[in-house]
Amino acid sequence: MPSQTPPAPSEDSTWVTPPRRGAERVTGAGPAIITAERILTGRRGDAAGTLEVLADPVHGVGVLLDGPRITAVGPLPELQDQAGAALERLERLDLPGATLMPGLIETHAHLATSGTDIEYPEYGVHEVARLTLNAVRAIRELASVGITSVQSLGARHYVDVALRDAIDDGSLRGPRLRASGPQITTTGGHSWHAGAEVDGLDDIRRAVRDHHKRGVDTVKFMATGGFTTAASLPWNAQFTAEEMALIVAETHRLGHLSAAHAHGTQGIERAVDAGIDYLAHASFISASGRTEFDPALADRIAEAGIYVDCTITADVPGMIERNPDFAPPARQLWERGVRIVAGHDTGIPQVAHRSYVAGLQALEEVGLPRAEVILAATSRAAAAIGLAGITGALAPGYEADIIAVASDPTEGLGALHTLRAVIMRGREFVPDPVQGLPRIDDPDPAADPAIVLAAHRDSIRRINEHPNV
């Protein structure tokens with residue numbers, strides 16, 4: 001990362017442009033201490049269903065940083081003792097009444113999309129440039145609502161790889177990013193417009209190896225059709241069992257994580273058989289056109305340690321209430337031991353990046369306990385995207401990816417809307433203004449998966465009722 005402080009001029013020269021500190025209260029350039037009323041560490045508490053919370057009503061608690069890393073967490077007197085001679089030169093940020101916790105993590109984002117009802121407008125000769133600018137805007141929007149790490153699960157032209165590298169080398173400010181490039185799909189399959197269509201085993205090998213060559217962290221493929229690509233049939237698998245096994249095996253051979261978009265039970269089962277690391281959606285859509293939970297398959301997902309995002313966005317509870325034929329089974333999966341994480345498919349039409357916290361509230365509304373939602377958004381999410389031991393927890397040796405909120409999220413997830421600080425890699429990020437998102441009581445039916453499923457069931461009914469002559 002470029003140095004925060006340029007070298008001073010020599011005795012024989014003067015500044016052309018003198019250095020000027022930005023608006024950050026914590027610069028990441030040296031030791032710093034951040035204090036608050038309580039700390040959520042990102043670990044479980046001693047009692048079942050609780051989180052580890054550090055507090056000291058007399059002295060307060062805090063986190064001691066040395067540049068981008070955490071060196072100590074705990075009561076303020078202990079941190080001051082550990083700081084020793086550096087105490088006098090510490091940057092200090094006091095946040096009375098606040099909660100410090102690991103930065104939030106979005107495990108399923110699409111950064112290069114337009115942020116409008118048209119996912120990929122026609123940009124003509126400026127396509128790559130415009131997609132890159134979209135991604136830069138998206139990454140700042142995510143950071144501005146407290147997200148400090150992101151897994152990109154689909155971006156044309158590998159713009160997420162370029163963005164990751166620009167963030168890593170300090171050219172841009174943004175969350176820690178895990179990139180996947182374009183989703184691998186079949187010709188004409190779900191998200192074919194992303195630019196990675198394949199047919200057959202040789203195409204698959206070439207595509208996975210090309211993703212590796214381009215520098216991805218994760219290889220994502222579309223195990224089933226989807227609801228946003230016409231005629232791609234979400235209930236059907238798009239790849240054979242042999243093809244999925246090859247995608248995953250080649251991905252693992254090259255040292256990457258594998259992720260699969262999978263709505264239909266057939267595709268979920270094939271992905272599990274293939275050894276997938278991460279499942280997006282897991283809606284358990286049957287051939288009959290509705291969610292039909294399979295407990296035995298859920299047990300296999302749990303036993304394999306697969307991470308699952310059920311894509312519970314802000315509008316999903318309302319969708320389920322209107323029509324339970326589409327009902328991603330987050331609670332049922334969690335009850336059987338599946339590792340649920342906070343992924344929302346942000347960036348697609350109807351799912352703004354800034355709706356992240358509302359998605360966490362929706363995940364609680366569909367049945368996940370609040371403590372589990374917080375773990376799904378922090379430490380468990382970090383492990384799911386390949387950042388275990390790096391971020392997602394407040395502990396010595398971890399990267400200093402921290403947020404401060406005005407009150408206690410264990411008392412209500414709405415506290416996550418009240419940001420008082422965002423720290424990424426030990427340096428404060430000053431959030432951009434966030435445009436409000438009103439709740440829509442009567443959403444567009446075309447955006448509801450239940451409409452697609454109802455049409456499919458109606459087609460089956462008409463076929464079955466046709467005269468058998």
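Phi angles of segment 165-173 translate, via the Karplus equation with coefficients 6.51, -1.76, 1.60 and θ = phi - 60°, into HN-Hα couplings of 5, 5, 5, 5, 8, x, 6, 10, 8 Hz per residue; Gly and Pro are given as x.
Peptides 189-200, 291-302 ranked from most to least packed, by the mean per-residue count of other Cβ atoms within 10 Å: 189-200, 291-302. If you wrap the tightest convex hull around every Cα atom of segment 317-469 and split its volume per residue, you get 164 Å³. Ranked for footprinting exposure by Cβ neighbours inside 10 Å, fewest first, Ile268, Ile440, Ile276 give Ile440, Ile276, Ile268. With neighbours defined as other Cβ atoms within 10 Å of a residue's Cβ, the residues Thr218, Thr50, Thr410 order from fewest to most as Thr50, Thr410, Thr218.
Classification of segment 93-235 by its C-alpha gyration tensor yields a prolate form. The axis ratio a/c (a ≥ b ≥ c) is 1.5 or more, and a/b outweighs b/c. Of the two radii for segment 179-292, the radius of gyration is 0.94 times the Kirkwood radius, both from the alpha carbons; that is the Rg over Rh value. The charge dipole of the chain, taken about its Cα centre with unit charges on the Cβ atoms of Lys, Arg (+1), Asp and Glu (-1) only, comes to about 460 debye. When the Cα convex hull of segment 60-168 is projected onto planes of every orientation, the mean area is 9.1 nm².
Rg and Dmax, both from the Cα atoms of the chain and both in Å, are 23.3, 100. Relative to its Kirkwood radius, the Cα radius of gyration of segment 259-392 gives an Rg/Rh of 0.94. In this calculation the C-beta distance from Leu172 to Asp94 is compared with R0 = 25 Å, giving a FRET efficiency of 0.30.
No lab work stands behind these numbers, since they all come straight from the coordinates. Worth saying up front: this structure is predicted, and the values here are computed from it rather than measured. With ideal geometry, Cβ positions are generated from the backbone for all residues, glycine too; neighbour counts draw on all protein chains shown.
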